[in-house]
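Quick note: the coordinates plus some simple rules give every number you see, no bench work behind them. Everything quoted here is computed from the prediction, not taken from an experiment. With ideal geometry, Cβ positions are generated from the backbone for all residues, glycine too; neighbour counts draw on all protein chains shown.
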């Protein structure tokens, strides 16, 4: 599927070279966007930039530790020059980052890592991008929470749940702060999408735990990756032009929030 929905728009994606981030980048490019990729995996960045550049889009990448605000600001400013404009931020860097699920196995360093990458990283990226969105007379920021931050997930641990719940508060407050500049800030809260990291965690669960996860989903199936990608593009597009400060649950009905 392709269209000109994002023709000429500049999109920055943190965690953009990962499994989900790269699919989001491909969909934006298919709809006319120029892309800036931020990630820690330099080889994956170069591979994706090379792939997407063949489409004729402006594509650039930067190796970035989102925990470092100066590193983020420098990268955002450079990527903005490379692709021409910044209209959209997808703050997808984060996750459980390979840390243990069970409480007795979680170290102080595990907790700090997950909080810093998810919460501080999202804040650093948003803060660095907002001046560019103001220059563009508005835009959209999409943050990543999770069903694990909305309810007690059997798959991920306390650090992840804490971080993803915090991102919801961050999202609402940012939306209030920047709404007057026509900047919208919304969160997406996916269910269990089996990217490489989560697939490994899911496979380590017992059969009874896996069955518990599937049986709790009214649609009785795991999602396709594109079913997380398309809602991100919706929140980035003019189709959601009067939506801000909200969270979009994408979980097959496993959580039906009031």
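Quick notes
- Hey, residue 69 surrounded by fewer than 24 Cβ atoms within 10 Å (Cβ to Cβ), closer than 24 Å to residue 110 by Cα and out of contact with any strand residue (DSSP E or B) (no Cβ under 9 Å at 6 or more places or on another chain) or not: yes
- Across the stretch 27-66, the number of residues qualifying as assigned to a helix (DSSP H, G or I) and either surrounded by 15 or more Cβ atoms within 10 Å (Cβ to Cβ) or in contact with a strand residue (DSSP E or B) (Cβ under 8 Å, 6 or more places away or on another chain) (or both) comes to 12.
- Selected residue [part of a loop (DSSP other than H, G, I, E, B) and touching a residue at least 40 places away in the same chain (Cβ under 8 Å)] from 221, 254: 254
- Under the condition of being within 17 Å of the chain's Cα centre (by Cα) and without any contact (Cβ under 8 Å) to a residue 60 or more places away in the chain, the residues counted in the stretch 82-96 number 0.
- Elements of type helices (runs of 4 or more DSSP H) contained in the stretch 104-183, each with 3 or more residues being within 27 Å of residue 209 (Cβ to Cβ): 108-115, 158-178
- Of all residues in the stretch 2-16, at least one satisfies being under 19 Å from residue 227 (Cβ atoms), in contact (Cβ under 8 Å) with a residue 40 or more places away in the chain, in a strand (DSSP E or B) and in contact with a helix residue (DSSP H, G or I) (Cβ under 9 Å, 6 or more places away or on another chain).
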